[in-house]
Each structure stands twice: as C-alpha cells, then as structure tokens.
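So the structure is just underneath, and the comments pick up after that.
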Amino acid sequence: MKKKTIVGLMAVVAIVAVVMFAGCIEHTTETTRIRDIHDHPEEYNGEKVTVEGYVEDVVASLGFGITDEAGDTLNIIYVEYDGNLPTVGNKVMVTGVIRTKTAHGEEGIITAIFFSGESWEYI
C-alpha cells in the first residue's frame, strides 16, 4: 500500500512541477532580418514574416518604420498598420505580409517593398 501512495505522490509532484514551469519556457518565433528582405525582396513577396527591429519613425494613421539595428536608416522598412502605433526608439516584433512592386524607369529597375502589418508587440 505504501508503494502505491509514494508512486501516486510522485506523479502529483511531477504534474505540479510541469504546470508551474510551463510559463517559464521561452517561446521563440522565427524572425527574418529586415536586411534580408531588402537584399532579396522577390523571395519574400506574398510571404508572411516576423521581423524584430527598432522603431525609427512613426507616421500617424499610416504606420511606422523599423530597422534591424537602432540608427540604421539605410535598411528601414515601413510597416503599414491601422491601429495603435509604437513609439520611436523601442524594440518591437512585427508580423505581416510582404508585397513587392517592380517598376522599370530611366534609372533602371526599382523594387518597392510594402509590409502590411498584422500585429506588433514591444520586446
């Protein structure tokens, strides 16, 4: 009888430990570097991606610009977002869909990148 009680108690302790520490496990999301999107926009056209970056610019009612590294304004990508906007200088994680448009002009081929943000959060 004692053996069954000990085994049962151990099972209860194990279950409680799993429940307690489940919230401590870090959930990671695979992210794409903004620089990679700039370097290979055709690979991301129509794809849902998650990026992490620093908010460099906010345009009221339109969206915000983010970069991989704070101050790297050469690799900024603008996120079209309809909702509450983050503040400049903060690090955020953004999920959305990349769309590209290619135009042929006097200066050659130009590819514009559009990032339709679905959600964002401070990190």
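All of the numbers you see were taken from the coordinates with simple rules; none came from a lab. Just so it is clear, the structure is predicted and the values come from calculations on it, not from any experiment. All Cβ positions, even for glycine, are placed from backbone atoms using ideal geometry, and neighbour counts span all protein chains on display.
Quick test of your reading of the structure: Thr87 fulfils all but one of (1) of a type outside the set (Asp, Glu); (2) assigned to a loop (DSSP other than H, G, I, E, B); (3) surrounded by 15 or more Cβ atoms within 10 Å (Cβ to Cβ). Name the failing condition by number.
Answer for Thr87: the failing condition is (3).
Could you check how many residues of region 67-114 are farther than 20 Å from Tyr44 by Cα, of a type in the set (Ser, Thr, Tyr) and in contact (Cβ under 8 Å) with a residue 24 or more places away in the chain?
Residues flagged as farther than 20 Å from Tyr44 by Cα, of a type in the set (Ser, Thr, Tyr) and in contact (Cβ under 8 Å) with a residue 24 or more places away in the chain within region 67-114 amount to 1.
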